[in-house]
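Data first, discussion second: the structure below is written as structure tokens.
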Amino acid sequence: MADEAKAKGNAAFSAGNFTDAINHFTEAINLAPTNHVLYSNRSAAYASLGKYSDALSDAQKTVDLKPDWAKGYSRLGAAHSGLHHYDDAVSAYKKGLEIDPNNEGLKSGLADAQSAQARSRGPAAPPSPFGDAFSGPEMWTKLTADASTRGYLQQPDFVNMMKDIQKNPSNLNLYLKDQRVMQALGVLLGVKLSTRMPEEDDEMPEASTERKRPAETEHVKEEKRPEPEPEPEPMEVPEEEKEIKEKKVKAQKEKEAGNAAYKKKDFETAIQHYTKAIELDDGDISFITNRAAVYLEMGKYEECIKDCDTAVERGRELRSDYKMIARALTRKGTALAKLAKSSKDFEVAIEVFQKALTEHRNPDTLKKLNEAEKAKKELEQQEYFSPQIADEEREKGNQFFKEMKYPEAVKHYTESIKRNPNDPKAYSNRAACYTKLAALPEGLKDAEKCIELDPTFVKGYTRKGAVQFFMKEYEKALKTYQEGLKLDPQNQELLDGVKRCVEQINKASRGDLTPEELKERQAKGMQDPEIQNILTDPVMRQVLSDFQENPKAAQDHMKNPLVMDKIQKLINAGIVQVR
């Protein structure tokens with residue numbers, strides 16, 4: 001059935017109907033959840049619709065199921081490229097080429113990803129005496145972290161100058177007369193450049209705790225020149241910066257107090273401290289995510305979700321660590337899962353967990369995603385549960401069984417089981433169908449499930465005994481029929497089953513088996529673990545030897561019922577013959 005859904009998905013994909021293809025592949029995955037090809041195909045369909053996050057999730061599942069399949073890494077690279085994760089895309093394509101070095105698709109994908117990677121980083125900057133001081137997002141992080149330059153980032157002309165320098169470091173010379181640029185340069189190089197009057201510098205907080213090398217200090221002293229008298233307005237900046245720094249220190253103390261209260265399960269106090277920290281410093285989203293964690297523990301899921309959304313939004317603005325963003329998304333997903341009342345509700349939580357994993361692949365998030373998917377499946381089964389429809393489907397199966405249309409009957413019995421998994425009759429009837437179709441292992445499994453659900457349901461024993469008989473496991477079948485007779489001693493079907501089994505067992509005892517029957521029974525017996533244990537038992541090996549060479553000892557052995565029981569098993573299996 002999974003193959004049929006897969007074929008429909010492939011046809012829809014070829015026709016450009018990607019949404020239909022996704023639906024068919026999803027149906028196939030529900031039937032065969034460990035088939036890596038199905039996830040690969042659905043990933044391609046998602047990518048064709050531009051749903052790269054979904055494509056990434058399926059691609060990752062593909063390589064998890066089949067790590068040595070090169071095509072899985074091709075899907076993974078394509079999804080990463082669609083999300084502009086070019087470094088991850090390059091890595092994925094390279095892993096695929098390690099498995100299949102001659103794969104042209106992987107080679108082409110790698111070349112495209114590397115080209116996009118280069119474009120995203122912009123044209124190479126000309127050599128600069130200041131090295132990588134202005135490169136990458138680290139520049140903005142340092143300027144934001146330092147109290148002496150943080151305020152400049154609110155000034156558009158300064159931001160534009162820094163962007164221009166970052167794009168082309170050679171343009172630095174054009175802006176050196178601007179004292180703000182000089183101050184920023186000092187912060188980025190980790191040295192203290194003179195940009196203010198000496199008395200102001202004494203009060204200016206240092207941005208870096210790195211120890212300067214003697215050569216650097218001496219160089220600064222040589223270049224230090226008297227600066228023009230600053231305008232009155234900047235004189236107020238140090239006080240503002242001092243106030244900001246003090247607020248940050250206070251915010252951290254509030255956070256620590258909140259953490260302590262959280263550990264003591266004093267959630268209301270923890271909320272107060274984290275709220276105060278947020279009011280003092282809105283540049284650290286850990287205060288928000290911590291408060292969200294408290295709301296989660298308190299069962300205030302709506303408040304938790306609101307805080308997580310705020311943390312993600314603010315984190316994007318501040319260019320916060322992607323791990324912090326992932327943490328906020330994970331907590332939001334957990335809150336959504338707690339609120340979920342239907343399988344549809346879990347879909348939203350699952351989507352949030354998947355987004356968190358694209359930010360940072362954390363084992364805890366992955367575990368929560370798997371739990372949400374499992375809960376969704378269980379709810380779907382509960383929502384699908386309907387004893388009335390189950391009975392209707394079973395009756396349809398009975399009608400097809402009477403008409404000897406066994407495959408159609410199996411289809412309806414299967415639907416009946418889905419609608420009511422606790423009905424032993426549906427399993428019993430499907431076991432009968434499987435027996436007619438010679439699908440004996442499937443029939444045995446259904447018969448055992450039938451007995452498991454209702455150990456007093458006699459029909460289950462007749463089904464199981466019949467399957468075992470056809471599998472030529474006569475002793476097991478005899479035992480099953482005898483178990484059924486304990487429940488219904490007059491059941492004719494069970495009595496007939498016992499009679500048939502005894503006849504087959506006695507044929508071996510009398511030596512009435514044809515050479516073909518004997519050969520077949522011996523081969524089956526040698527596969528039986530119980531027979532193997534008997535033959536490898538040193539005591540039984542001695543007993544068998546005595547039966548051949550020491551008649552007196554053999555007579556003594558025959559008085560032992562345990563020994564004779566094992567001898568009888570060997571006779572029934574055709575291993576030992578009586579002449």
TODO: Mind giving me the FRET efficiency for LYS323 and GLN388? R0 is 45 Å, r the Cβ-Cβ distance, nearest 0.05 is fine.
DONE: 0.35
TODO: Can you tell me how much longer the chain between THR536 and GLU516 gets when fully stretched, taken as 0.36 nm per residue apart minus their C-alpha distance, in nm with one decimal?
DONE: 4.6 nm
TODO: Just tell me which lysines come within less than 28 Å, Cα to Cα, of LYS519; anything on the same chain fewer than 8 places away is out.
DONE: LYS436, LYS445, LYS464, LYS472, LYS476, LYS479, LYS499, LYS507, LYS566, LYS569
TODO: Set the Förster radius R0 to 60 Å, insert the Cβ-Cβ distance between MET471 and ASN168 as r into 1/(1 + (r/R0)^6), and round the FRET efficiency to 0.05.
DONE: 0.15
Task: Accessible surface, per residue, of the chain when the full set of protein chains is kept, probe 1.4 Å, Å² - done: 59
TODO: Treating cross-link reach as a plain straight distance, find the aspartates and glutamates whose alpha-carbon is under 19 Å from the alpha-carbon of LYS51, omitting any fewer than eight places away in the same chain.
DONE: ASP20, GLU27, ASP88, GLU347, GLU351, GLU359
TODO: Treat every Asp and Glu Cβ in the range 291-418 as -1 and every Lys and Arg Cβ as +1, leave all other atoms uncharged, and give the resulting dipole magnitude about the Cα centre to the nearest 20 debye.
DONE: 520
TODO: Quick one: pull the percent of accessible area on the chain belonging to carbon and sulfur, 1.4 Å probe, ligands and nucleic acids left out.
DONE: 50
- [ ] Take the alpha carbon gyration tensor of the range 7-97, find the square roots of its eigenvalues, order them as a ≥ b ≥ c, and report rounded if a/c is under 1.5; if not, report prolate when a/b exceeds b/c, else oblate.
- [x] oblate
Task: Rh (Kirkwood; distinct C-alpha pairs) - the chain, Å - done: 31.7
- [ ] Quick one: check the C-alpha center-to-center distance for the range 447-479 versus the range 140-165, whole angstrom.
- [x] 79
Open item on the list: Charges at C-beta only: +1 for Lys and Arg, -1 for Asp and Glu. How large is the resulting dipole of the range 367-425 about its Cα centre, in Debye rounded to 20?
Closed with: 240
Task: Net charge of neighbours whose Cβ lies under 15 Å from the Cβ of ALA47, counting Lys and Arg as +1 and Asp and Glu as -1 - done: +1
- [ ] Would you please give the FRET efficiency between GLN527 and GLU408, computed as 1/(1 + (r/R0)^6) with r the Cβ-Cβ distance and R0 = 41 Å, to the nearest 0.05?
- [x] 0.75
Task: Structure-based [θ]222 nm, the chain - -39500 (n - 2.57) summed over DSSP H runs of at least 4, per residue, nearest 500 - done: -24000 deg cm²/dmol
Task: Computed over the range 444-508: relative contact order in percent, which uses C-alpha pairs under 8 Å that are six or more apart - done: 29
TODO: Could you tell me which of rounded, prolate or oblate describes the range 259-320, using a ≥ b ≥ c as the square roots of the eigenvalues of the alpha-carbon gyration tensor, with rounded for a/c under 1.5 and, failing that, prolate when a/b is larger than b/c and oblate otherwise?
DONE: oblate
TODO: Note down the relative contact order for the chain as a percent, whole number, built from C-alpha pairs under 8 angstrom at least six residues apart.
DONE: 4
- [ ] Place a +1 charge on the Cβ of each Lys and Arg in the chain and a -1 charge on the Cβ of each Asp and Glu, then give the dipole magnitude about the Cα centre in debye, rounded to the nearest 20.
- [x] 2620
- [ ] If a/c stays under 1.5 just call it rounded; otherwise compare a/b with b/c (prolate if a/b is bigger, oblate if not). Do that for the range 67-125, with a ≥ b ≥ c from the square roots of the Cα gyration tensor eigenvalues.
- [x] prolate
Task: Gain upon complete extension [PHE547, MET298; 0.36 nm per residue less C-alpha separation] - done: 82.0 nm
TODO: Please name whichever of ASN35, TYR73, MET1 sits farthest to the positive end of the charge dipole of the range 1-156, dipole taken about the Cα centre and charges placed at Cβ: Lys and Arg +1, Asp and Glu -1.
DONE: TYR73
- [ ] Kindly rank 159-172, 352-365 from highest to lowest mean number of other beta carbons found within 10 Å of each residue.
- [x] 352-365, 159-172
- [ ] Please name which of PHE385, ALA349, ALA466 has its Cα lying farthest along the dipole of the chain towards the positive end, using unit charges on Cβ (Lys, Arg +1; Asp, Glu -1) and the Cα centre as origin.
- [x] ALA466
Open item on the list: Highest mean first, how do 477-487, 340-350 rank when packing is the count of other Cβ atoms within 10 Å averaged over residues?
Closed with: 477-487, 340-350
Open item on the list: I'd like to compare 175-185, 394-404, 420-430: which one has the highest average count of other Cβ atoms within 10 Å, and what's the full order after that?
Closed with: 420-430, 175-185, 394-404
TODO: Go through CYS308, SER148, GLN542 and say which Cα lies farthest out towards the positive end of the charge dipole of the chain; charges sit on Cβ, +1 for Lys and Arg, -1 for Asp and Glu.
DONE: GLN542
Open item on the list: My understanding is that a pair violates if its Cα-Cα distance is over 19 Å; which of LYS418/LYS449; LYS71/LYS367; LYS66/LYS323; LYS341/LYS368 do that in this structure?
Closed with: LYS71/LYS367; LYS66/LYS323
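The values are calculated or read from the model by the stated rules, or taken from the named source; none is laboratory data. Quick caveat, the model's predicted, so the values are computed rather than measured. Reconstructed Cβ throughout: ideal geometry from the backbone, glycine too, with neighbour counts over all protein chains shown. What goes into the accessible areas is simple: the full protein's heavy atoms, side chains included, and nothing from ligands, DNA or RNA. Shrake-Rupley method; radii C 1.70, N 1.55, O 1.52, S 1.80 Å.
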